[in-house]
Amino acid sequence: MALQYLFTMDLKTMEYYLVVVGEGSITRAAERLHMSQPPLTVRLKSLEAELGVELLSRHGRGVEPTAAGRVFADRARRLLADVQGTTDAVRSIGHGVSGTLAVVTGGSVAPRLLSSLLGTLREQAPDVAISVSSGTDAAVWDQVSHGEADAGLLHLAPQPASPQGWRGLETAVAAREPLVAVLREDHPVAGHERADVVALTAETLISPAASSAPGLHEQLLATWQAAGGSPEHVRETDSTSTTLALVEAGLGVAILPAAVTALVWRGLIGLPLLQHHPAVETVIVWRHDATSPVLRRFLRIALSTPEPDVLSPEHAR
């Protein structure tokens, strides 16, 4: 029965009672609560009537809790603390400042973008538990589609993805960047201000594999062929680091998103391209029925860029 009383009685009256106990006077408590004494007295008597016991002993100096009143005060403090804790927790989760976020990235996406997004999220919501994984673009689609990850990052192809690949998913541009040529520092073109792709087509293009990063691979191949390069002179690799290693070994040249220049080590150089080319779009993908407040906060961060946070017309959903 006691629990039933605690859940049916007015929490505000509990708060008033604790103020009265703390002040030892109904008059002083009323002043502290910015209310007149009669309504407060009525509240206290109603509380005692509901519980069927006296909670306060009245005397000339004021009031003090009875034995039952001391027990009630102790339980009321705990209950109100639990209510406040529950309120804080619910608001925290509802505002996306606590909870969990799982992100999966395609292997061709530069780490700096992910670092920037997660760093901002950490500043805004330090209590969010973040997990990160990486894989092929197909793995990104699959994990987000099946709810194994809340959001994914990957490069888009110049042509729209298969309708099957977009089903049930939302996509928006998180970053746009130009392409750069990555060459050995002793390459004949390395001293130029911009790299003429036509001058590179006699060599082998080292590119992320179509099987792991089809969007980026398709765009690199289109840029290569537009300059007269042959698709037969393309060597695919499984990672950006392997691509850079093969360029350093003198086995070819690479064309990669500009953000990769942050990964270029001594002995290599990244040059902007002489030829006009479409920007590389890195998109964030998530389930259209996702309701996580943390995900909504992450999306706001990812899409707060100078670029429009929508896809180019050929990728419109």
**OP:** Measure out, as a whole number of angstrom, how far apart the alpha-carbon centroids of segment 212-244 and segment 245-296 sit.
**Re:** 12
Original post:
So which helices of the chain fit the span-like rule, where a helix is a whole DSSP H run, its Cα atoms reach 24 Å or more along the axis, and its mean Kyte-Doolittle is at least -1.0?
Top reply: 67-94
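So for 137, 150, 142, 127, fewest C-beta neighbours within 10 Å to most, what's the order? Mind showing how you got there, number by number?
Working: 137 30, 150 23, 142 16, 127 11.
Ascending number of Cβ neighbours within 10 Å: 127, 142, 150, 137.
Please order 48, 232, 281, 148 by the number of other Cβ within 10 Å, starting at the fewest.
Numbers: 48 18, 232 6, 281 25, 148 12.
Taking fewest neighbouring Cβ atoms as first place, the list is 232, 148, 48, 281.
Let me check I've understood the local charge: for residue 40, count other residues with C-beta under 15 angstrom from its C-beta, Lys and Arg +1, Asp and Glu -1. What total comes out? Spell out each step's value before the answer.
Details: positive: 12, 28, 32, 43, 45, 58; negative: 10, 15, 23, 31, 48.
Around residue 40, the charge tally is +1.
What is the sum of charges, Lys and Arg at +1 and Asp and Glu at -1, for the other residues whose Cβ falls under 13 Å from the Cβ of residue 263? If you can, show how the numbers build up before the last one.
Working: positive: 112, 266; negative: 248.
The answer is +1.
Using the count of nearby Cβ atoms within 10 Å as a rough guide to exposure, how do 61, 235 rank from fewest to most? All intermediate terms of the calculation are to be shown ahead of the outcome.
On the way: 61 8, 235 14.
Placing the least packed residue first, the sequence is 61, 235.
Counting helices only, and only those DSSP H runs with n ≥ 4, report the 222 nm mean residue ellipticity of the chain as the sum of -39,500 (n - 2.57) divided by its residues, in deg cm²/dmol to the nearest 500.
Details: 11 runs with 129 residues, N = 317.
For the chain, the value works out to -12500 deg cm²/dmol.
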Original post:
Using the Cβ atoms and a cut-off under 15 Å, what net charge is assigned to the surroundings of residue 210, where Lys and Arg are +1 and Asp and Glu are -1?
Top reply: -4
Original post:
Just one of (i) 32.0, 104; (ii) 18.7, 60; (iii) 29.2, 96 is Rg and Dmax of the Cα atoms in Å as worked out from the coordinates here. Which one is it?
Top reply: (i)
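None of the figures in this text is laboratory data; all of them are computed from the coordinates on show. Note that the coordinates shown come from a computational prediction; the quantities given were computed from them, not determined experimentally. Cβ sites come from the backbone with ideal geometry, for glycine too, and all protein chains shown count toward neighbours.
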